[in-house]
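A short worksheet on the structure shown next.
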Amino acid sequence: MPTGWFKGPVCGTDNCPSRRYRSSDGLTICQYGHVMEGNIEIDDDQDTVAIPTRRLNAVTVDARGGFTSGMPSQASAGKRNRRLYGKEGRRLYYRCLQVLLKREFEIILDTYFTESANPDMLLLLKANWMRIIAPYVERSDDDNDEADAKDNHDDEADHPDDADKPAASRRHTQVATLDVLALIYITALQLRLHPLYANQMLEGIRTNEIPYIRCLHLIPKSMLDRLQMSYHRILQPTTLPVKGEFYDYVQLNLRRLGLAANFSVPTNFYYPYMLTVVAEGLMLPNALRIFGLLVDLNQFVGRGRTMVVHYAGASRAFPELQLAALVLFVVRAHFFHQVAGEPVDAASWLATLQDYQENHSPSFLISDNRELIDWSPAKIDRYCDWLYQHLIPDRKKNLAEAMPGDELPIMEKRLYQLFEMDEKPPSTDSPRLGDLLQKMVAGGAKSGGGSTPTPAEVDAKIRARLCEELGITQAQLGRCYDDTTSAIKKALDA
């Protein structure tokens, strides 16, 4: 026989809101007929088997025997993983940037410098970082973090209309990853303990020796879990700085440090840069003769003993870009007017440069999709090796090395069956660099079946190589070249 009604916790079965229960045949049943799970009384009159129902709200009994809800309340829910917003979110973002700065500095120091440069460079980097980040930390919270993060993310995306505008004309509401790399570059220029040039920084970014596209792994996961997702996109950009963005950020941080007007570097500091561009970038066999012409011509146009790092329109006043335009002028004059002594066959040079790009240079990192069909097997293998070494997480690689083939997951096992990951001896089909240079000097290699390339083809190849080395567009290099030719004409008329 059913007894009277008594009050208990919320039933919860099919979202039932009832709190009234009755006992019938040893079962506790709510007013809507749901049987309370786990509350069965053994009784002599029970004549049916209890059928427990699934409950959304598990009911338990406390120490006094009363009913309690097993659902955790909001007060008892853990708050360790909640994301931070507002002023706290910004402070956490700046802490993440500081960790990223430390890790990027360690990588750049290990790649381009010696250990003896660590103390002095680290002290100067800390001072510069505090001067840049202090105004942002002290800025009052305007409760608009999402908009700020979105604006800064848009600044790092492609801007075909304002890619050539000064950095001061763009909106930079937050310090980003490229600001960190630009600050390390500026610090290296201030000390000048060891040459570090913009093309080296950009090459490291392209090959991922300097983490840029994939750099979130440098920050502790506990910090990333509490950082809002809009800041994740700022910390890890999705595009490479190939349109002059690196120089924009260098100038922006020079302004933040108060060095934009009077930051100068000795001209002879860039002599190794000029020789590297001519000998390794353009692969000219008479690079020393051309280097001598570059030094003389640079002094002739009146640049003196120092070069000022400042901004004039489209990044074209940076020393690397000024000297790149000078290299373009001298190399064009060498091919078309033989101003550097020994003639170099243009067809042989183009063929050699093409062979080197296909078999040695990591030019696949910025290749057009239309060129993929023309890639050689050796270049495809190098591209896959680069992906495996730099972009696949270390956890996956360690798992593949530690686990035998039979213990791998089914999908990965099938993947390794399709693509062999065993080490293979290097291919002997690709020509060596020394052989290519000897063949080019001898004039033995001809492109296009012995056809002579036109001046436009040679000029286009030189410009493409310089733009690839320096991370700028053809239009930006063209303006740098126009400024250089104007300076040479002005010096001739004087």
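Throughout, read-outs are computed from the coordinates displayed, never taken from laboratory work. It should be emphasised that the depicted structure is a prediction, and the values quoted were computed from it without experimental measurement. Neighbour counts run over all protein chains shown; Cβ positions are idealised from the backbone, glycine included.
Here is how the numbers come out for the structure above:
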read-out: Cα→Cβ-extended label distance, 7 Å offset, between residue 192 and residue 137, nm; value: 3.1 nm
read-out: Additional length obtainable on full extension of the chain from residue 239 to residue 216, 0.36 nm per residue less Cα span; value: 6.8 nm
read-out: 22 Å Cα-Cα threshold exceeded, pairs from 243/461; 87/221; 461/490; value: 461/490
read-out: Residues residue 457 and residue 224, FRET efficiency given R0 of 56 Å [Cβ-Cβ distance, rounded to 0.05]; value: 0.70
read-out: Estimated inter-spin distance, residue 87 and residue 25, nm [label 7 Å along Cα→Cβ]; value: 6.4 nm
read-out: 5 angstrom amide H check on residue 37, placed H, neighbours 5+ away; value: 53
read-out: Pair residue 98, residue 15: separation of 7 Å Cα→Cβ label points (nm); value: 4.7 nm
read-out: Per-residue Cβ neighbour rank within 10 angstrom, fewest leading, 120, 248; value: 120, 248
